[in-house]
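Here's the structure we're looking at; comments come further down.
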Amino acid sequence: MTADPSSNGRTPAGPAGSPEGVPAHHVPPARALPGGGEIRRHTLIAIVLDKPGVLNRVASLMRARNFNIDSLAVSHTDQPDISRMTITLRGDDVAVEQAAKQLYRLIDVLKVQDVTSEPTIGHELALVKVRATDANRAEVIKLVELSKGRVVDLAAGSLIAEVTGTESEVDAFVGLVRTYGIRELVRTGAVVMARGSNSIEEATKR
Amino acid sequence: MTMTKGESAKPPSPSARRSHVPSDGTTHASAVEGARRAMLDDARPRRRTRIGADVVCEALIRQGVDVLFSYPGGVILPLYDVLGDYPEVRHILVRHEQGGAHAADGYARVTGKVGVCMGTSGPGATNLVTGIGTALLDSVPMVAITGNVPGVLIGKDAFQEIDINGITLPMTKHNYLVRDADDLPRVFAEAFHIARTGRPGPVHIDITKDALQQETNAQHPTDEQMIAGLPGFRPNLDANGRQLKIAAQEIARAKRPVILAGHGVLHAEAWDDLVAFAEKTQIPVAHTLLGVGAIPEDHLLSYGYMGMHGWKHVNRAIQSADLLFAIGMRFDDRVTGNVRTYAPYARIVHVDIDPAEIGKNVAVEVPIVGDAGRVLRALLPMVAAVDPSERADYFAELAEWRRESESSSWHGSGAWRDGLLSADYVVSRIGELTDHHATYVADVGQNQMWLARYTGFREPNSHVSSGGLGTMGFSVPAAMGAALGRPDRETWAITGDGGFQMTSQELMTLVADRIPVKIALLDNKKLGMIRQWQEIIYAGNYHSSNLPGPDFAKLAEAYGLPAFRAQSPDQVDDAIRSAQAVDGPALIWFEIAEEQNIFPMMPAGKGLSDLIENWEGADE
């Protein structure tokens with residue numbers, strides 16, 4: 001018997017260790033691990049009971065299970081006591097499916113749906129406090145209007161622009177006004193709704 | 001108000017403050033003050049009305065709780081004040097809250113009922129946490145109750161206040177903070193339902209002291225009302241028929257199938273269904289650590305314990321299988337080792353009640369979500385009966401592997417190296433002398449593996465072990481609960497000297513409450529599993545694995561526990577019989593070989609085909 005842990009006791013991959021008809025020298029293929037697919041941004045919609053701590057439960061679960069949330073938006077729905085969360089996160093399909101299943105285990109979660117592959121509307125809102133002097137204020141306001149935004153506050157030396165749109169539309173606007181100087185920026189994160197007449201809120205838990 | 005990190009506080013102007021009470025004069029301020037005062041003086045009135053604490057006791061009785069493992073403290077005292085009015089609930093005063101949580105766990109595992117433990121706020125609550133985590137990882141139905149400071153003091157860092165709700169949130173199936181006594185009936189009904197339904201697990205209920213003292217007329221809900229209030233909790237019990245059909249086709253095609261049975265079979269009380277299914281399909285059954293007892297080990301189709309320290313023959317069978325029918329198990333890393341090299345020829349049918357377990361650790365071909373018992377009963381008529389002769393070659397090979405692996409790791413003489421007492425022999429003698437009809441509670445480490453492999457389990461729920469969390473110190477307190485749950489059979493705690501020293505304070509509970517646990521202390525004066533890893537993986541760097549202990553016989557006797565001692569194989573049977581003859585708890589101090597390892601062993605990160613079967617002298 002050898003004392004080398006790397007070879008000691010290894011079951012030979014001989015006929016005794018392989019199914020009938022498999023030659024002794026056959027090396028079995030490696031078992032596929034779950035996941036390993038293309039990593040991309042996913043959007044999950046969770047319908048939850050509006051109870052104290054439900055946001056904490058969702059956030060804690062995502063952290064404990066090693067998922068990284070890109071953005072999270074929470075709001076009431078038209079039904080009393082029911083809230084809706086829009087969660088965007090990055091991962092492959094299997095990992096995100098696992099995240100959805102883990103969310104579904106929470107007692108306060110009624111429904112979870114991955115809408116990544118469905119036609120959806122996904123918008124966010126941003127407030128941007130942009131430096132604006134007497135010299136260039138008109139120019140900044142013009143850019144806001146061209147970006148389908150509006151100016152919601154005017155002050156000496158700055159203004160606040162409100163823009164809504166897809167993430168990339170908001171990105172584009174922010175990039176555009178950066179040259180003037182951004183003093184503050186806040187974004188809500190995406191809120192997403194699937195197109196068509198189906199309602200995720202009406203579909204109850206199985 | 002704006003707060004910025006790094007700025008220093010401005011000194012107050014000298015004449016600004018007249019009162020030290022924040023927001024003085026408001027109702028909130030007087031509520032805080034009242035609550036603080038109530039923490040000091042709240043004498044019990046002679047004629048009392050129904051308060052929150054009564055609701056808790058009523059709820060426990062409604063749920064059929066007959067024993068409560070608990071430790072008192074300041075804010076839980078209102079409950080202790082009324083506990084004497086409810087003799088239906090036997091209160092066991094543990095010596096540490098962790099012991100209470102493990103006892104509730106042990107009780108739950110042998111009875112299938114929800115175990116209940118309780119403690120006060122702050123340290124009482126944090127002491128429960130290890131036990132709650134143990135129950136979570138092993139899916140044990142448990143309700144843990146804690147008191148908390150009065151509602152208005154929450155967030156003020158009051159005496160013995162800790163955010164226990166935040167602490168147990170990620171380690172319970174669900175948790176509650178109750179601040180209003182009117183919520184207690186609903187919360188308790190929900191908690192017990194959640195704890196035992198679907199995949200079982202622990203539920204924590206934190207109750208403020210003022211809620212325990214508050215008068216209430218709230219009525220207990222009916223089951224229908226309670227379930228209607230839980231729209232987010234609807235476990236899938238019955239499997240999808242199409243998936244079952246696919247599984248039946250896989251089974252019909254398989255030439256070298258193996259059933260992998262886990263804890264879910266025991267939770268579903270599906271042991272008879274499993275045997276019927278295995279017999280009809282003639283598929284050998286391997287089990288996980290927590291699946292011990294899912295099939296009697298003397299059954300012809302029981303093949304044994306799998307995984308890191310499982311039998312070599314079982315792991316060989318898995319590695320050469322063309323179909324794994326996994327039921328109520330979760331492909332833990334201790335079961336699979338390296339997933340890439342796990343069961344390379346096998347297609348996998350995975351049955352579990354928790355959809356999140358399927359595809360989590362291994363990719364599977366046939367996922368089935370459902371209760372183990374319901375799935376087996378639904379599948380039974382869909383599979384063809386197989387004659388054993390059809391599998392003659394397969395069975396002959398399995399039998400040969402088994403002969404080989406058992407003979408290489410078994411010390412039937414009881415002696416290992418120069419006649420030192422071998423642990424596997426001790427464990428097997430305990431199994432024999434109890435007629436395999438007892439509850440056997442493991443601690444964690446080598447003793448746990450010896451117990452799982454050499455006892456010879458014949459009955460479901462007769463093996464109790466902290467498999468998932470691997471909590472040292474589990475066995476003595478868990479055995480305490482197990483003995484109260486199943487008084488009809490003997491209860492043995494099999495522990496190492498390391499784990500024993502973590503919770504040995506519960507010896508006093510055993511004696512005080514006359515709980516007849518027999519403790520087999522396997523003392524190798526080492527942290528045996530740590531020492532084994534250091535020998536094999538860390539090149540013999542034995543840091544901190546030597547563990548000097550006290551004179552365990554004197555320790556036991558100081559608590560009033562009869563103690564027996566065995567140092568050689570010929571003393572083993574006498575010691576066991578002497579302990580059995582004691583009417584009440586007893587301890588046997590087995591001084592086993594100090595350097596015996598448990599083989600085979602799969603080093604972490606390696607695969608099931610990479611077992612280490614021996615080391616150095618080859619006579620392990």
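Read the figures in this text as sums done on the coordinates, not as results from a lab. This structure is a prediction, so every number in the text was calculated from the model and none was measured. As a convention, Cβ positions derive from the backbone with ideal geometry for all residues, glycine included, and neighbour counts pool all protein chains shown.
Proximity of backbone amide H atoms, modeled 1.01 Å from N, is registered between A:GLY165 and A:GLU124 at under 5 Å, excluding neighbours fewer than 5 places apart on the same chain. Based on DSSP H segments of at least four residues, each scored -39500 (n - 2.57), chain B has a per-residue ellipticity at 222 nm of -10500 deg cm²/dmol.
With 22 Å as the limit on Cα-Cα distance, the pairs of B:LYS245/B:LYS280; A:LYS111/B:LYS173; B:LYS113/B:LYS209 that go past it are B:LYS113/B:LYS209. Please enumerate, by chain and number, the lysines with C-alpha under 27 Å from the C-alpha of B:LYS5, excluding those fewer than 8 residues away in the same chain. Partners found: A:LYS129, B:LYS156. Note on region B:241-402: with charges restricted to the Cβ of Lys and Arg (+1) and Asp and Glu (-1), its dipole about the Cα centre is near 460 debye.
Computed from the C-beta positions of A:ARG150 and B:HIS28 and an R0 of 60 Å, the FRET efficiency is 0.90 to the nearest 0.05.
GluC sites (Glu not before Pro) within region A:105-206: which are DSSP loop residues with at most 10 other Cβ atoms inside 10 Å?
A:GLU202
For region A:32-127, the dipole from Cβ point charges (+1 on Lys and Arg, -1 on Asp and Glu) about the Cα centre works out to 340 debye, to the nearest 20.
On a 0 to 90 degree scale, rounded to 10, what angle separates helix B:572-581 from the longest Cα axis of chain B? Long axis of B:572-581 versus the principal axis of chain B: about 40 degrees.
Here is the list for region A:99-201: trypsin sites (Lys or Arg not before Pro) lying in DSSP coil, each with at most 15 other C-beta atoms within 10 angstrom of its C-beta, are A:LYS148, A:ARG195.
Rounded to the nearest 10 degrees, the inclination of helix B:423-433 to the longest alpha-carbon principal axis of chain B is 90 degrees.
Ignoring lysines fewer than eight residues from B:LYS606 along the same chain, the ones with Cα atoms less than 23 angstrom from its Cα are B:LYS312, B:LYS360. Under a 5 Å amide H cut-off, with hydrogens placed 1.01 Å from N, B:ARG458 pairs with B:GLU297 among residues at least 5 apart or on other chains. Inter-chain Cβ neighbour count for A:103-109, averaged per residue, equals 5 (cutoff 10 Å, partner chain atoms only). Cα-based radius of gyration for region B:247-398, normalised by 2.2 N^0.38 Å, reads 0.92.
Provide the FRET efficiency to the nearest 0.05 for the B:ASP180-B:ARG489 pair, computing r from the beta carbons and using R0 = 45 Å. About 0.55, to the nearest 0.05. Among B:TRP416, B:TRP492, the order by Cβ neighbours within 10 angstrom, fewest to most, reads B:TRP416, B:TRP492.
With contacts defined as alpha carbon pairs under 8 Å and 6 or more residues apart, what's the relative contact order of region B:410-591 in percent?
Numbers: 365 pairs, mean separation 39.7, N = 182.
Reported as a whole number, the value is 22 percent.
On the beta carbon distance between B:GLU390 and A:ARG65, with R0 = 35 Å, the FRET formula returns roughly 0.20. Site pair B:ARG403 and B:ASP85 shows an inter-label distance of 7.0 nm when each label is modelled 7 Å from Cα along Cα→Cβ.
Comparing B:ALA317, B:PHE277, B:ALA343 along the charge dipole axis of region B:241-402, the residue lying farthest to the positive side is B:ALA343, per the Cβ-charge model.
The separation of region B:69-107 from region B:287-348, counted between C-alpha centres, amounts to 39 Å.
Ignoring lysines fewer than eight residues from B:LYS525 along the same chain, the ones with Cα atoms less than 19 angstrom from its Cα are B:LYS554.
State the answer as a single residue: which of B:THR222, B:ALA135, B:TYR176 lies farthest towards the positive end of the charge dipole of region B:52-228, with beta carbon charges of +1 for Lys and Arg and -1 for Asp and Glu, about the Cα centre. The Cα lying farthest towards the positive end belongs to B:ALA135. Using alpha carbons only, how many degrees (0 to 90, rounded to 10) separate the axis of helix B:27-38 from the longest principal axis of chain B? Here the helix axis deviates by roughly 70 degrees.
Over the protein assembly as shown, the alpha carbon radius of gyration divided by the compact-protein estimate 2.2 N^0.38 Å works out to 1.08.
Around the Cα centre of region B:52-149, unit charges on the Cβ atoms of Lys, Arg, Asp and Glu (plus for the first two, minus for the last two) sum to a dipole of about 240 debye.
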